[in-house]
Amino acid sequence: MTTDDVLDRPESPDSAPLPSPWKSSTFRLFFTARSASLLADGMLMVSLTTAVLGAGYGAGGVGYALAAWMAPIALLVLFTPQLMMVAADMVRMLAMLALAALLLTTEVRLWQIMALMALSGAATAMFQPGVASMVPQVAPDIQRANALLRISEAMSALVGPGLAGLLVGYWQVAGSYFVIAAAYGLSALVLVPLRRLSVVREEGDDPVLHRLKAGWHEFSSRSWLWGVIVVWAIYGLFVFGPALPLGAALLTEQHGADGYGWIASADGAGTIVGGLLGMRVRPTRPLVAGACAMFCFALNPLAPALGWSFTATMLTGVLAGCGFAFWGVMWATSVQSHIPLAVLSRVYAYDVAGSIMAIPLGRALAGPASEAFGADRVLLFSSAVSVVCLAVMLSVPAIRRLGRGPEKADAPEPPITAEEVPAVGPAGPA
């Protein structure tokens, strides 16, 4: 492998640079909707934890509520069609409004919280498959669009918990749910003008089992695709699963709650840097470049395990966030560039399901493992598994050799144009 496999190659004189995604009003609409939805997601964890603890159900109740929210995402993401994004946001908005009303008017029960979170999780599963297939339709430059979305995700992760904390602290927990519902409602409203884009799909009125079979064929026929997902499932079980709960506990013990907050912010700042790099760096082997960047994430569980200083841990947070974000841009761009648009949403559903199913199990096992071996040893093991998984990924020829592919997935021209959509959305550079 040469350095050209990872680094940029200059564009040929005959190839004009792709226009900025901001020039597309359809992308601006999609970006606004996605940002509003991500902000609501970022607020939800703080609001949910506060509501459950305030109702007297303890940490176990928080775990049950989170499980009720995540289980439908992992199970239903395979069965929901692409064109349910607007409906999904409306369902999530109504679920949050119902929860706010319960918190205001009655003594809320845990089963009520779990039922509404399960409904919200099911709606999230309806929303997710359409996300990936929308990007190639709204932006010619897929990589830059994914980088902008990753930056929005990082900003939402930074702003969302803080905003929820302010609302809970200076208003009341029900008020935070009203704001979350408004964000989901804004996402649905902004997605409405883009509904005609979703007509471009392969699924038609075929039965669900036929669509699942077609999606599985597309997924299983690409060894680079399922190879990454298999590795990522192991990564989720042994790295993503224990890294958050055990890392948070150790960092809080070592640096205090305020110190942990700053370290989490450093991770978010690194994610923004990684997204900015994803806008500029165009490697000829994107999965190789992304996997190399992900080696930085091995520092995430390593720092608390070894008790590094506050400054060193902050730096590792920046590097880990940067590597994770850059990998995310490279992976999303590779999938959207190499998978035909007609089957992209169904393939993406298998991607999401395979990637997240092991994480709840890893988090559930983190506590017993830390009691048996110690949290520091579990995190050292996670760091080692991270390095091994990425090395295995790079050893797979199909993954290592995958090139950039076309900038835009092959698809018929969408039946909506920039002129047909009102120029609504965030103002951006021309």
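The values are calculated or read from the model by the stated rules, or taken from the named source; none is laboratory data. Note that the structure is a prediction, hence the values are computed from the model and not measured. As a convention, Cβ positions derive from the backbone with ideal geometry for all residues, glycine included, and neighbour counts pool all protein chains shown.
Scanning for something assigned by TED's automatic domain parsing to the domain that holds residue 390, over 15 Å from the mean Cα position of the chain (by Cα), surrounded by fewer than 22 Cβ atoms within 10 Å (Cβ to Cβ) and among the aromatic types (Phe, Trp, Tyr), does the range 300-308 turn up at least one residue? Checked the range 300-308: at least one residue is assigned by TED's automatic domain parsing to the domain that holds residue 390, over 15 Å from the mean Cα position of the chain (by Cα), surrounded by fewer than 22 Cβ atoms within 10 Å (Cβ to Cβ) and among the aromatic types (Phe, Trp, Tyr). Cβ separations smaller than 8 Å between residues 6+ apart or across chains give the following pairs from the range 226-238 residues that are closer than 16 Å to residue 327 by Cα to residues that are surrounded by fewer than 17 Cβ atoms within 10 Å (Cβ to Cβ) and of a type in the set (Val, Ile, Thr): 231/392. The residues in the range 278-294 that are in contact (Cβ under 8 Å) with a residue 12 or more places away in the chain and surrounded by fewer than 18 Cβ atoms within 10 Å (Cβ to Cβ) can be counted, and the count is 1.
Let's see how each residue does on (1) at pLDDT 90 or above; (2) hydrophobic (A, V, I, L, M, F, W, C); (3) touching a strand residue (DSSP E or B) at 6+ places or on another chain (Cβ under 8 Å):
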| position | (1), (2), (3) |
| --- | --- |
| 153 | no, no, no |
| 158 | no, yes, no |
| 161 | no, no, no |
| 164 | no, yes, no |
| 167 | no, yes, no |
| 171 | no, yes, no |
| 184 | yes, no, no |
| 192 | no, yes, no |
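Looking only at the range 129-144, decide whether some residue is β-branched (Val, Ile, Thr) and without any contact (Cβ under 8 Å) to a residue 60 or more places away in the chain. No: the range 129-144 contains no residue that is β-branched (Val, Ile, Thr) and without any contact (Cβ under 8 Å) to a residue 60 or more places away in the chain. Looking only at the range 326-345, decide whether some residue is under 14 Å from the mean Cα position of the chain (by Cα), among the small types (Gly, Ala, Ser), under 30 Å from residue 125 (Cα atoms) and assigned to a helix (DSSP H, G or I). Among the residues of the range 326-345, at least one is under 14 Å from the mean Cα position of the chain (by Cα), among the small types (Gly, Ala, Ser), under 30 Å from residue 125 (Cα atoms) and assigned to a helix (DSSP H, G or I), which makes the answer yes.
Please work out if residue 363 is surrounded by 23 or more Cβ atoms within 10 Å (Cβ to Cβ), part of a helix (DSSP H, G or I) and touching a residue at least 24 places away in the same chain (Cβ under 8 Å). Criteria not met by residue 363.
For the range 142-174, a residue qualifies if it is closer than 30 Å to residue 330 by Cβ and outside any helix (DSSP H, G or I), but none of them does. For beta carbons closer than 6 Å, sequence separation of 6+ or different chains, a first residue in the range 369-389 that is touching a residue at least 60 places away in the same chain (Cβ under 8 Å) and not assigned by TED's automatic domain parsing to the domain that holds residue 236 and a second that is in a helix (DSSP H, G or I) and crowded, with 17+ Cβ neighbours inside 10 Å, there are no qualifying pairs.
Is it the case that residue 397 is of a type outside the set (D, E, K, R), modelled with pLDDT of 50 or more and surrounded by fewer than 13 Cβ atoms within 10 Å (Cβ to Cβ)? Answer is yes for this residue.
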